[in-house]
Structure formats: C-alpha cells, structure tokens
Amino acid sequence: SQQGEEDPQALSIQEGENATMNCSYKTSINNLQWYRQNSGRGLVHLILIRSNEREKHSGRLRVTLDTSKKSSSLLITASRAADTASYFCPPSGGYQKVTFGIGTKLQVIP
Amino acid sequence: KAGVTQTPRYLIKTRGQQVTLSCSPISGHRSVSWYQQTPGQGLQFLFEYFSETQRNKGNFPGRFSGRQFSNSRSEMNVSTLELGDSALYLCASSLQSSANEQFFGPGTRLTVL
C-alpha cells in the first residue's frame, strides 16, 4: 500500500480566496481520492480521479492528476468558512489497502 | 438511504479490559474498513473486510481483531486495552472496495484509563 503526502501541512486564507493543496505519491495507482474531515460532518469523500483522467470538477472543486509526476492537486475556488477542514488524498491501486496521510489543515478566515 | 452507523459513540474502559465496537454499513455495501485516528499518528488503517473475509490488514498488534457478518455488519475487538489505544475508531463502507468511494461513520471515541 502507499499513502499520499499532502502539502502544505497547513494553509490559512481569507474567505473568497482560492485554496490549492498538493498531493504526491510514490508508485503507480488506479485512482486517487480526496477526502475532507471537519468536526461538524466527519470524514467525507469529495472526489475520485482515475489514473486515465487528468482533471475533474465537482462544484467549486477542481482536481488534477499528473501520473508522470505522481502528483495531484485540489483547488477550492471562492472558499467559505465551511471549507475549514483537513484534506486527505489517499491513492489506491486495485485491492491494496487505502492509507491516509497527515493531511492539509485548511483554515478559511471569515 | 441511512448512512454508516457505529455503536457505541463513546466508551470509557480501563487498562487490561477488552472492547467490541460495531459498524453497520450502508445497505448494499459489502466492503467495510476500520481506521484508528489519534492526534499523534493521524488516520491509520486497521483492516478491511469484504464478504466476511479479511481482505487487508494494517500494522497493528494481534490484540486488534475484527470480523464481518453475512449481512456485512462488522465488529472490531481490542483485547488487553492499553492507554495508547485511546482514539477515535472510524468505520467506512463502500460498494466493493475501499479503493473506491468510502462512506465514513461518525466514529467511536474510546478512552482508556
């Protein structure tokens, strides 16, 4: 198994700004997922991007995947206070166990 | 559709005791995974079950065990509790595999005194 390494570890922005966080991994993958965890709603799945996809959108979220660089990024546009949370990017391949990294702690200041 | 439920939500035990936590997955989901979350170690994978079989196991001692029943409900057991087992235990279910979208329960907060 492998885990994604999120970067930066912490990020603080003003409400309305965009937030970008990055993810790197080490071996080949089938897909990569992004999750968010906050105290109110627990751990929630945001988006899954497959290895043959380069970009995916969901509402204010945009995820990119570069398999040649073994990296992914999550962009949150027009951030809101409710986006304050920790974000994780576990990669996965087949039926290997899915492990989570330390995450990026995002704080959106109203 | 009901979400993933975990019982109990809070638990206080003393060192040396054992504990059993329960997880009911979303209806139709056959994969159930367990995670331990602590401030120091983050979110660590314990095990994954699919169709009553353990598919994957994390790096935890044998005191940690689990099982899955024919209705996909799962239990995990921790024997001979240690202070370091104090954590939030999260259960997640998915249709076929944790490699796809997982739905997490609210967790069981275990405190070992």
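Some notes on this structure:
- Condition check for residue A:97: surrounded by 16 or more Cβ atoms within 10 Å (Cβ to Cβ) and charged (D, E, K, R): yes
- A count restricted to the stretch B:42-58 and to residues that are in a loop (DSSP other than H, G, I, E, B) and within 14 Å of another protein chain (Cβ to nearest Cβ) stands at 2.
- Hits in the stretch B:91-113 - residues which are within 14 Å of chain A (Cβ to nearest Cβ), among the hydrophobic types (A, V, I, L, M, F, W, C) and in contact with a Leu (Cβ under 7 Å, 6 or more places away or on another chain): B:104
- Exactly one residue out of B:88, B:81 is surrounded by 16 or more Cβ atoms within 10 Å (Cβ to Cβ), within 12 Å of chain A (Cβ to nearest Cβ) and touching a strand residue (DSSP E or B) at 6+ places or on another chain (Cβ under 6 Å): that is B:88.
- You will find that of B:20, B:14, the residue that is over 23 Å from residue A:37 (Cα atoms), in contact (Cβ under 8 Å) with a residue 12 or more places away in the chain and within 11 Å of the chain's Cα centre (by Cα) is B:20 and no other.
- Residue count, the stretch A:25-35 (criterion: out of contact with any His (no Cβ under 8 Å at 6 or more places or on another chain), within 11 Å of another protein chain (Cβ to nearest Cβ) and not hydrophobic (A, V, I, L, M, F, W, C)): 2
- Looking only at the stretch A:48-68, and only at residues there that are in contact (Cβ under 8 Å) with a residue 24 or more places away in the chain and closer than 21 Å to residue A:26 by Cβ, the one that is nearest to the chain's Cα centre (by Cα): A:63
- The residue list B:109, B:55 contains one member that is at pLDDT below 95, on the phi < 0 side of the Ramachandran plot, surrounded by 15 or more Cβ atoms within 10 Å (Cβ to Cβ) and basic (Lys, Arg), which is B:55.
The values are calculated or read from the model by the stated rules, or taken from the named source; none is laboratory data. Being a predicted model, the structure only gives us computed values, none of them experimental. No Cβ is skipped: glycine too gets one built from the backbone with ideal geometry, and neighbour counts run over all protein chains shown.
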